[in-house]
Amino acid sequence: MLRDAFLTLSHNTAVRNLATGLPPARRFSRRFVAGETLDDAIAVVRAMNQAGVLATLDYLGENVTNPAAARAYAEEYIGILDRIQREQVKSNVSLKLTGLGLDLSTDLAFENVRRVVSIARTHDNFVRIDMESSDYTDRTLAIYRRLRDVGFDNVGVVIQAYLYRSEADINALIRRGGANIRLCKGAYDEPEYLAFPRKADTDANFVHLMQLLLSPEARQQGTYAAIATHDDAMITATQAYAAEQDLDRQAYEFQMLHGIRTNAQLALVRDGYKMRVYVPYGSHWYPYFMRRLAERPANMLFLLRNLVR
Ligand code: FDA
């Protein structure tokens, strides 16, 4: 129930204006957000790289309401890719299609993402398209397929284990060949007719989908898998299945979010696994921050204690 309340509040403009003006909330958001500028984010990535951790940089922004803002979001990503190249940090980028104008038009979002993916290709870099709420699943997968159809193979997508449709989506992506898929549990408020309401069912589906992604058939089709979770049970199940398949520890990757389970990130690197951390930055941190609170109400209690103090 608390999860639903935070996810509902994540769309509320009045609460957003209040929260983003409160210094304790801004301070606490820094636990999950690298900072407001690309300089802040690059400093975080550099420190991670020194510890053997790879990064994916995310410029916070979603649901833009005019084409100029969508173009500006694309320009920021081009700046990130140039900066990664110039500074030789080990990072790719993750972006949201609603930041690139998906609410305005599918073609606008496609043109903007195509520009970013094309610049990434000239830098030998990679673009991950995050998955947003189920309103966007079909359009996001269609844009991913269209990018692949016009010849880009430096782009990947995300599948959410809480959606009933995800097994069919993964099978279709595997069959098509060369898919690059991040598997996560899913962070949005979804109705019961689309998503498992019980966490145990999402977890079971996550393990099932992970096994599909790392199966011999998927590997034969050139699938690359990123297993994005902080959940020890999911990580252990992945390690066990990959070992059973005799998979090299560098043949797939684990991913986590900046500020969550840093020690576990480092332990995986020490054990020889590939580990990539999602590093968001920018001033539009509110919806991202609320999704992180929704995942773990203890975070909210911590924030409230600080506000009262
Ligand atoms: P679960 O929620 O069961 O948490 C397991 C344990 O991890 C908790 O017990 C706690 O210890 C720790 N933990 C988890 N969340 C925490 C938090 N916020 N604060 C502190 N501790 C926490 N979703 C989506 O819908 N679309 C997307 O594109 C992405 N992209 C993405 C990229 C990456 C790299 C990651 C790691 C995650 C995403 N997600 C996402 C978010 C994902 O769907 C999910 O909401 C979170 O990862 C939380 O789920 P867990 O798998 O960690 O398990």
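The values are calculated or read from the model by the stated rules, or taken from the named source; none is laboratory data. This is a predicted model, so every value here is computed, not measured. Methodologically, a virtual Cβ is constructed for each residue, glycine included, from the backbone with ideal geometry; neighbour enumeration extends over all protein chains shown. SASA here: full protein model, heavy atoms, side chains in, ligands and nucleic acids out. Shrake-Rupley method; radii C 1.70, N 1.55, O 1.52, S 1.80 Å.
Return the total of residues in segment 46-68 being outside any strand (DSSP E or B), over 30 Å from HIS11 (Cα atoms) and touching a helix residue (DSSP H, G or I) at 6+ places or on another chain (Cβ under 9 Å).
Qualifying residue count, segment 46-68: 5.
Pairs only if they're at least six apart or on different chains, beta carbon under 8 angstrom, first in segment 112-133 and within 16 Å of the ligand (Cβ to nearest atom), second among the acidic types (Asp, Glu); list them, first residue then second.
Final answer for the pair search is ASP130/ASP58; GLU132/GLU62; SER133/ASP189; SER133/GLU190.
Filter segment 252-278 down to the residues that are surrounded by fewer than 18 Cβ atoms within 10 Å (Cβ to Cβ) and more than 10 Å from the ligand (Cβ to nearest atom), then identify the one that is nearest to the chain's Cα centre (by Cα). Working first, answer last.
Step one: of segment 252-278, the residues surrounded by fewer than 18 Cβ atoms within 10 Å (Cβ to Cβ) are 260-264, 266-267, 269-272.
Those still in the list that are more than 10 Å from the ligand (Cβ to nearest atom) too: 262-263, 266-267, 269-272.
On the way: THR262: 17, ASN263: 20, LEU266: 19, ALA267: 21, VAL269: 20, ARG270: 23, ASP271: 23, GLY272: 22 Å.
It comes out as THR262.
Would you point out the residue of segment 216-233, among those that are free of Cβ contacts under 8 Å to residues at least 40 places away in the same chain and either surrounded by 17 or more Cβ atoms within 10 Å (Cβ to Cβ) or away from the ligand (no atom under 12 Å from the Cβ) (or both), that is nearest to THR262 (Cα to Cα)?
HIS230
In this structure, is ASP4 modelled with pLDDT of 95 or more, among the charged types (D, E, K, R) and either open to solvent by 60 Å² or more (accessible area, probe 1.4 Å) or assigned to a helix (DSSP H, G or I) (or both)? Give the derivation first.
Working: modelled with pLDDT of 95 or more: no; among the charged types (D, E, K, R): yes; either open to solvent by 60 Å² or more (accessible area, probe 1.4 Å) or assigned to a helix (DSSP H, G or I) (or both): yes.
Taking the combined requirement at face value, the residue does not satisfy it.
Rundown of residues vs (1) of a type in the set (Ser, Thr, Tyr); (2) under 21 Å from GLY99 (Cβ atoms); (3) within 14 Å of the ligand (Cβ to nearest atom), yes/no style:
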position: ASN12; (1), (2), (3): no, yes, no
position: ARG16; (1), (2), (3): no, yes, no
position: GLY21; (1), (2), (3): no, no, no
position: ALA25; (1), (2), (3): no, no, no
position: PHE28; (1), (2), (3): no, no, yes
position: ARG31; (1), (2), (3): no, no, yes
position: GLU36; (1), (2), (3): no, yes, no
position: LEU57; (1), (2), (3): no, yes, yes
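May I ask you to list the residues in segment 33-60 that are touching a Phe, Trp or Tyr at 6+ places or on another chain (Cβ under 6 Å) and either within 15 Å of MET290 (Cβ to Cβ) or free of Cβ contacts under 8 Å to residues at least 12 places away in the same chain (or both)?
Those that are touching a Phe, Trp or Tyr at 6+ places or on another chain (Cβ under 6 Å) and either within 15 Å of MET290 (Cβ to Cβ) or free of Cβ contacts under 8 Å to residues at least 12 places away in the same chain (or both): VAL33, LEU60.
Based on what the data block shows, is LEU247 away from the ligand (no atom under 15 Å from the Cβ) and more than 30 Å from LEU7 (Cα to Cα)? Please lay out each step first, then the result.
Working: away from the ligand (no atom under 15 Å from the Cβ): yes; more than 30 Å from LEU7 (Cα to Cα): yes.
For LEU247, the condition - away from the ligand (no atom under 15 Å from the Cβ) and more than 30 Å from LEU7 (Cα to Cα) - is met.
Being within 12 Å of the ligand (Cβ to nearest atom), under 30 Å from ASN12 (Cα atoms) and either modelled with pLDDT of 95 or more or in a helix (DSSP H, G or I) (or both) narrows it down to one residue among ARG305, ARG291; which is it? Outline the logic, then answer.
Working: ARG305 fails: within 12 Å of the ligand (Cβ to nearest atom).
Of the residues listed, the single one that is within 12 Å of the ligand (Cβ to nearest atom), under 30 Å from ASN12 (Cα atoms) and either modelled with pLDDT of 95 or more or in a helix (DSSP H, G or I) (or both) is ARG291.
Limited to segment 38-60, what total is found for residues that are open to solvent by less than 10 Å² (accessible area, probe 1.4 Å), of a type outside the set (S, T, N, Q) and closer than 21 Å to ASN112 by Cβ? Outline the logic, then answer.
First pass over segment 38-60, keeping only residues open to solvent by less than 10 Å² (accessible area, probe 1.4 Å): 41-42, 45, 53, 55-58, 60.
If we keep only those that are of a type outside the set (S, T, N, Q) too, we end up with 41-42, 45, 53, 55, 57-58, 60.
Still in the list and also closer than 21 Å to ASN112 by Cβ: 41, 57-58, 60.
The number of residues fulfilling the criteria is 4.
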